[in-house]
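Reading through the structure tokens given below for one structure.
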Amino acid sequence: MGMPVRELRDMVTRSLISVPTKFPVPHRPVSASGLCLNLYSSLSGKGQGAHWVDHSYSCQLVDAWLDVLPKPDRLDVGEMCLGLQPSNVQLLLR
């Protein structure tokens, strides 16, 4: 049998919330790898420095989840995921 819908939603939500997406610049990722990478500097003045953002795991997870949902439920789930990761531009553009 398949996993109940509520358990699947809770598991995906926990994964989206707990997987890091912001990393320090010294990693210098290669943009040709197909990752969603954005380089920006912190303007808060708190010394956080520059970071890059990688939402590729989150996008793959949301894609896999949306593939198993009925079409009428996909918009609600997409909006919920966007609420969890408002800086995920790839998710916003869907």
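Remark: the residue 94-residue 50 segment gains 13.1 nm on full extension, using 0.36 nm per residue and subtracting the alpha carbon distance. Under the simplified labelling scheme, the residue 57-residue 73 pair shows an inter-label distance of 2.5 nm, with each label point 7 Å from Cα along Cα→Cβ. Our estimate of slack between residue 87 and residue 15, defined as 0.36 nm per intervening residue step minus the Cα-Cα distance, is 24.3 nm.
Taken together, the values in this text are just the output of simple stated rules run on the coordinates, not laboratory data. These figures come from a predicted structure and were not determined experimentally. Positions of Cβ are generated from backbone atoms using ideal geometry, with glycine treated the same way; all protein chains shown enter the neighbour counts.
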